[in-house]
Amino acid sequence: MQAIILTGGKGTRLGLTSKPKPMVIINGKPLLEHTVELLIESGFKEIIFLNGFLSNKIEEYFTKDKFPNIKIKHIKETSPLGTAGCINQVKDILKEWFFIIYGDLLINIDFKKFYKTSIKNGDYGTLFAHPNGHPHDSDLLKVGKDNKINKIFLKPHAKEIISRNVVNAAIYCLNKEIIKYIPNGKKSDWMKDVFGKTKNKIYAYHSSEIVFDVGTKKRIKKARNLLKNNFYG
């Protein structure tokens with residue numbers, strides 16, 4: 001399995017100035033390291049880091065010497081291309097199926113099960129979907145027959161939309177054919193600009209497993225508590 005981790009977040013809401021958001025310390029190690037360790041345990045063979053703000057911090061920490069059990073590649077974004085646009089930088093080395101993982105997440109999921117379900121679904125790919133505690137600032141999904149995503153509700157939302165609470169968790173297992181929907185040389189976002197073009201050929205993977213967005217100081221505190229309480233079982 002191949003993972004592309006988006007690590008360009010600046011951590012503005014966290015007040016970070018000397019490190020990118022994925023490098024915030026959660027119980028003794030960078031948030032991103034928790035993800036990398038889980039990917040290695042899950043059998044991934046390759047991680048591609050798409051870096052932006054203070055990219056050297058990530059490049060210097062995540063090296064082949066420190067993580068010899070997985071192939072590591074770093075790509076530096078020279079100008080903001082968005083969560084989808086940045087993938088054009090690596091389109092020539094993508095596997096047939098690949099994962100997109102946002103770097104500001106604390107994760108404890110069964111990637112192998114998610115991968116198998118995605119392959120079975122086919123088409124352009126499958127998005128990890130779950131309820132969370134902040135649907136008001138999350139992109140929501142309307143899911144129909146056979147778990148196909150029929151509509152995407154971009155944040156912010158009216159109250160009646162929030163009640164759905166089927167949230168895009170920012171982990172995707174995608175087929176490389178989806179790249180044709182990403183414009184070249186232009187900033188673009190998966191949820192705003194790409195998934196809506198796929199004509200009901202994107203699926204939702206419903207799970208109560210933990211995918212926790214560590215995007216605010218309050219959520220960092222909660223993430224630290226999760227780890228203290230034996231987060232990984």
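Miscellaneous remarks
- Estimated FRET transfer efficiency when R0 is 45 angstrom, pair E96-D137 (beta carbons, to 0.05): 0.85
- Partners for K113 among lysines (Cα-Cα distance below 21 Å; same-chain residues under 8 apart left out): K45, K95, K145, K148, K176, K201
- Note on N108 and N165: with the Förster distance fixed at 30 Å, the Cβ-Cβ geometry gives a FRET efficiency of about 0.90.
- Take the Cα of K186, step 7 Å toward its Cβ, do the same at Q89, and the gap between the two points is 2.0 nm.
- Rounded FRET efficiency, nearest 0.05, which uses the C-beta distance separating K221 from L154 and R0 of 35 Å: 0.80
- Taking the helices alone, the chain has a mean residue ellipticity at 222 nm of -5500 deg cm²/dmol, built from -39,500 (n - 2.57) per DSSP H run of at least 4 residues and averaged over all its residues.
- For segment 26-114, taking Cα atoms only, Rg and Dmax work out to 13.1, 37 Å respectively.
- Compared with the rule-of-thumb size 2.2 N^0.38 Å for a compact globular protein, segment 111-189 has a Cα radius of gyration ratio of 1.19.
- Segment 1-155: equivalent-ellipsoid semi-axes (sqrt of 5 x gyration tensor eigenvalues, Cα, Å): 25, 20, 16
- Gain on full stretching of the segment that runs from K45 to I70 - 0.36 nm per residue minus C-alpha separation: 8.5 nm
- Looking at segment 109-225, the accessible area is 54 square angstrom per residue; that uses a 1.4 Å probe and ignores ligands, DNA and RNA.
- Accessible area of Y203 in the full protein assembly, 1.4 Å probe (Å², nearest 10): 20 Å²
- For the chain, carbon and sulfur atoms together expose 48% of the accessible surface, with a 1.4 angstrom probe and every protein chain in place.
- The share of C-alpha pairs in segment 76-210 whose separation exceeds 27 Å stands at 16 percent.
The values are calculated or read from the model by the stated rules, or taken from the named source; none is laboratory data. This structure is a prediction, so every number in the text was calculated from the model and none was measured. Quick reminder, even Gly has a Cβ in these numbers, built from the backbone with ideal geometry, and neighbours come from all protein chains shown. Surface accessibility is based on the protein's heavy atoms, side chains included, excluding ligands, DNA and RNA. Shrake-Rupley method; radii C 1.70, N 1.55, O 1.52, S 1.80 Å.
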